[in-house]
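The values are calculated or read from the model by the stated rules, or taken from the named source; none is laboratory data. Note that the structure is a prediction, hence the values are computed from the model and not measured. Cβ placement follows ideal geometry from the backbone for every residue including glycine, while neighbour counts extend to all protein chains displayed. Heads up: the accessible areas ignore ligands, DNA and RNA and are worked out on the full protein's heavy atoms, side chains in. Shrake-Rupley method; radii C 1.70, N 1.55, O 1.52, S 1.80 Å.
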Amino acid sequence: MRNSDRLPPRELPKRRSGRHRNPLSFDDWFGTPNLIMAVPGTAEQARGVDGGSIGARMADLVRAYRPEVTIRHGHLDGDEQTLAEALAGMQGDGERPLTGVVVPLVTAPHTGVSAAIGAAVRASGADVRVSEGLGPHPMLAEVLHLRLAESGYVRADRMRLISVVARDTGMADGVVVGAVGGESAVAAAGVTAVLLAARLGLTVLPADLENEAALELAISQLRQGGCRRPVIAPSALGPELHADLAATAERYGARLGAPLGADGLLGKIAALRYAEILNSLGVEQPPTADQLPDPVGSRHRPEA
C-alpha cells in the first residue's frame, strides 16, 4: 500500500523526439547563448551541509532541461568562482543577439543582488541579458511544502477541503514565509504564502527575515489567531541568508525550517527564465532546412 505521507518520487525529464517533445528542451540550435547562474554570497557560504556547491548542483539540475546549453555559475562575493570569472570571454561578436543569459538564484527581487550582477556585467563587458529571479512563481510553494515536510513540520501529502495537520505536537499550526531582499521580496513572498496556505490548510503570513520587528509582528498575528506551534520557512536558497535565524526563531518561540537549497523544481524555473529572455529577443528559432541533418531510417531510404 502506498504511503500517503510521502511525496511521489520526482523523476528527471526525459528527452522525447518528434513534434510532441518537451517544450522546455529545444534542439541544438546554432549559436545557443550560455546560461550563467548568479549565486549570492561567497563560494563558502553557498556550500550545503554536506559541503556541496549549490551553484554546481543547480547547474546539473538545469542541464536536465537544457542539455544543449553551456551552463556556468559564479558567486557575487568573495574571490573564488566569481561571477566575473563565469562571464569571461562573453563579449559580443556582432553576429549574435547576445552571448549569454544571467539567471539570479534568488526567489524574489533583490536590490543588492541586482546591483552586484550589474557591476559584474559592466566590468566584464559581457554581452548578456539578466533575467528575473526564480520567484515569484507557483512552484516555489511546492518546494517550501517539501522542505517543511522533510523537517516533520507538516505532512507531505496534499489533501483538499481539510487540514493536513495531524494531531501531533510536532506539527506546525502556522507558518511564516520569510523573505530576503526588501519590500519587493516581501510582496513576492506574499504570493507564495497564499499558495502555501492553500496547500497546507494553515494560516501562512509573509515577513521580512532582515526586519526583526516585522518578523515579530507576523508571529504575533499567528498567535492571536490561535497558533501555538509557528514555523519560520525561509523562501531562499540559503547563501543570501546572513542573519542568525535560529537564534531569532528561538527568541520568538518559533521553529526554523530549512532553506530551499538546490531543487529540481528550482532548476525548472531557471530553465524557464532562460527561455523567457531568448523568446523575448527572438533568439530561439528553429534551424533552417539547410541546417537540419538528413533523415535516417527505412522510411527515408534513398531512391534506387
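Results for (1) among the aromatic types (Phe, Trp, Tyr); (2) part of a loop (DSSP other than H, G, I, E, B); (3) open to solvent by 50 Å² or more (accessible area, probe 1.4 Å), shown as yes or no for each residue.
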position	(1), (2), (3)
192	no, no, no
215	no, no, no
222	no, no, no
233	no, no, no
238	no, yes, no
259	no, yes, yes
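Can you spot a residue in the range 98-117 that is at negative phi, open to solvent by 10 Å² or more (accessible area, probe 1.4 Å) and at pLDDT below 90? Looking through the range 98-117, none of the residues is at negative phi, open to solvent by 10 Å² or more (accessible area, probe 1.4 Å) and at pLDDT below 90.
Reported count of residues in the range 246-257, each being surrounded by 21 or more Cβ atoms within 10 Å (Cβ to Cβ) and within 21 Å of the chain's Cα centre (by Cα), is 1. The requirement of being at pLDDT below 95, open to solvent by 30 Å² or more (accessible area, probe 1.4 Å), within 19 Å of residue 265 (Cβ to Cβ) and not hydrophobic (A, V, I, L, M, F, W, C) is fulfilled somewhere in the range 157-177, by at least one residue.
With the structure loaded, tell me whether residue 187 is outside the structural domain of residue 108 (by the TED database), small (Gly, Ala, Ser), surrounded by fewer than 18 Cβ atoms within 10 Å (Cβ to Cβ) and touching a strand residue (DSSP E or B) at 6+ places or on another chain (Cβ under 6 Å) or whether it fails that test. It is false that residue 187 is outside the structural domain of residue 108 (by the TED database), small (Gly, Ala, Ser), surrounded by fewer than 18 Cβ atoms within 10 Å (Cβ to Cβ) and touching a strand residue (DSSP E or B) at 6+ places or on another chain (Cβ under 6 Å).
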